[in-house]
């Protein structure tokens with residue numbers, strides 16, 4: 001038996017999320033099927049987290065235990081031949097037997113991308129939320145800073161409580177701007193269900209001028225999901241990267 005680490009990218013548009021579900025097309029299911037075609041579907045295939053239906057990934061990480069003895073460099077190409085076009089297996093690493101992609105996760109980075117002002121990039125329409133109104137990025141930048149640090153983020157969690165604790169630490173939160181493109185990038189030690197999408201929905205309302213600049217801080221302090229904006233659609237969200245501590249660290 002060998003334990004492998006898989007680094008995977010995927011267009012989540014036509015997947016019903018990461019997690020295996022009977023009769024549904026999922027990323028985990030596609031990976032296990034590819035391994036199965038090489039002789040062993042693998043055991044304990046675990047992602048660093050579950051991305052929802054329609055959410056994308058550039059750097060999802062999974063761990064898997066298999067009996068397949070093909071050398072790593074050949075295994076990568078063999079698996080790619082059996083994966084659909086909307087999954088890209090970036091790399092495979094041999095890992096210690098105790099490595100677990102979920103349990104050993106240290107930090108994750110998500111990015112939400114918006115194109116606004118009535119613009120549309122037809123080649124990236126599956127990966128961006130189109131907002132017809134012109135947003136004010138300066139208002140949005142001023143609004144996000146209070147989320148930095150350790151807080152109870154229950155106000156940005158769908159159907160709270162979903163976890164034992166809703167306290168999370170945001171290490172970095174930034175708003176990028178490039179002409180009509182705006183993206184929110186958050187690096188944290190973990191995320192609640194729909195947390196980034198609820199923050200983004202509130203931030204878009206601020207950018208439209210429908211909420212004050214203090215809306216994110218006010219919502220955080222309230223602890224009430226009803227005070228936040230709508231949950232932004234899945235299409236704009238992408239898992240960018242996952243960070244692990246030594247001895248499981250790797251350069252993407």
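Peptides 199-207, 40-48 ranked from most to least packed give 199-207, 40-48, packing being the mean of other C-beta atoms within 10 angstrom over each peptide's residues. Structural descriptor for the chain: relative contact order 23 percent, calculated from alpha carbon pairs under 8 angstrom and at least 6 residues apart. Think of it as helices only: each DSSP H run of n ≥ 4 in the chain is worth -39500 (n - 2.57), and spread over all residues that comes to -6000 deg cm²/dmol at 222 nm.
Read-outs throughout are calculated quantities, based only on the coordinates presented, and are distinct from any laboratory measurement. Not measured: the values here are computed from a predicted model. Quick reminder, even Gly has a Cβ in these numbers, built from the backbone with ideal geometry, and neighbours come from all protein chains shown.
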